[in-house]
Amino acid sequence: MGEEANAAVRLLWEPPAKPSRGPKPALSLARIAAAGIEIADAEGLGAVSMQRVAGLLDFTKMSLYRYVPGKAELVALMVESAVGEPAAAAEGLGWRERLSSWARQLAAAFNEHPWLLDATVGPRVMGPRELGWLERALAALEGQGLTGAERMDAAVLLTGHVRGIAEQVRATRPNGRPEAEFLTLLGPLVHRHADRFPALAAAMASPDGRDQALDFGLERILDGLEALITHRAG
């Protein structure tokens, strides 16, 4: 594990204990993460820097380094704070309802903090809250006859679907309606060339189900998992 990863582990998994004596620290990791999130929510992840966060907190950049070694660790703290934890599923729900709720909560997190899409790619150290999301998805599929690898793949598949839709929503902000934006831009053009694109023209002419790709894809993924689970049980 590299030095940067070790630093992230210490910050996310071994936060400094509160001193029992002496003056309290001038800053906290929670305040630092909140400042970074405020900037990222308003301007995107690219606008976040140690200098910007320090200025927002009315501290110097050098003083910030006493708490966070660099931007990579800062972003890790921001992710851990912003993603929160998925709400516990209601008692008595089946695996399908639990995963459906989980996926919609994840979509809400991405929509509230679109920069999470940029901050949660590639190999990196995850904090306990973020890993808690994966734990919740895997736990929903326990006892359904799937292997551990299959449960992991199911979680990855659901996450990929949610991320893909969240990317489209982000690209069409502030309206956040990718299909409606597509129709507005290309609808008249496709209509004029309906002889060349008859299937597309017919689909776009249908008034039902606009911007329901998240729900539609989610239900089809769950249908596939249900078919596999039923097959294994049989």
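The values are calculated or read from the model by the stated rules, or taken from the named source; none is laboratory data. Everything numeric in this text was worked out from a predicted model, so none of it was measured. For neighbour counting, all protein chains shown are included, and Cβ atoms are generated from backbone atoms with ideal geometry for every residue, glycine included. Ligands, DNA and RNA are stripped out before the accessible areas are found, and what is left, the full protein with its side chains, is counted by its heavy atoms. Shrake-Rupley method; radii C 1.70, N 1.55, O 1.52, S 1.80 Å.
There is at least one residue in segment 167-188 that is in contact with a helix residue (DSSP H, G or I) (Cβ under 8 Å, 6 or more places away or on another chain), open to solvent by less than 40 Å² (accessible area, probe 1.4 Å), of a type in the set (Val, Ile, Thr) and in contact (Cβ under 8 Å) with a residue 40 or more places away in the chain. What residue, among those in segment 189-234 that are outside any helix (DSSP H, G or I) and charged (D, E, K, R), is most open to solvent (accessible area, probe 1.4 Å)? Looking at residues that are outside any helix (DSSP H, G or I) and charged (D, E, K, R), I get 196. Pairs linking a residue in segment 117-129 that is modelled with pLDDT of 90 or more to a residue that is in a loop (DSSP other than H, G, I, E, B), with Cβ atoms under 7 Å and 6 or more positions apart or on different chains, are 129/84; 129/85.
Note on segment 145-178: among residues that are polar (S, T, N, Q) and under 20 Å from residue 215 (Cβ atoms), the one that is modelled with the highest pLDDT is 159.
Please verify whether segment 205-225 includes one or more residues that are of a type outside the set (Ser, Thr, Tyr), touching a residue at least 60 places away in the same chain (Cβ under 8 Å) and touching a Lys or Arg at 6+ places or on another chain (Cβ under 6 Å). Scanning segment 205-225, I find at least one residue that is of a type outside the set (Ser, Thr, Tyr), touching a residue at least 60 places away in the same chain (Cβ under 8 Å) and touching a Lys or Arg at 6+ places or on another chain (Cβ under 6 Å), so the answer is yes.
For segment 110-119, the set of residues classified as farther than 19 Å from residue 177 by Cβ and surrounded by fewer than 17 Cβ atoms within 10 Å (Cβ to Cβ) consists of 118 only. Checking residue 66 against (1) open to solvent by 30 Å² or more (accessible area, probe 1.4 Å); (2) touching a helix residue (DSSP H, G or I) at 6+ places or on another chain (Cβ under 6 Å); (3) modelled with pLDDT under 95, which test does it fail? Single failed check for residue 66: (2). Filtering 57, 45, 77, 27 for residues that are modelled with pLDDT under 95 and surrounded by 14 or more Cβ atoms within 10 Å (Cβ to Cβ) leaves a single hit, 27. Taking the criterion of being open to solvent by 60 Å² or more (accessible area, probe 1.4 Å) and among the β-branched types (Val, Ile, Thr), the only residue of segment 122-151 that qualifies is 147.
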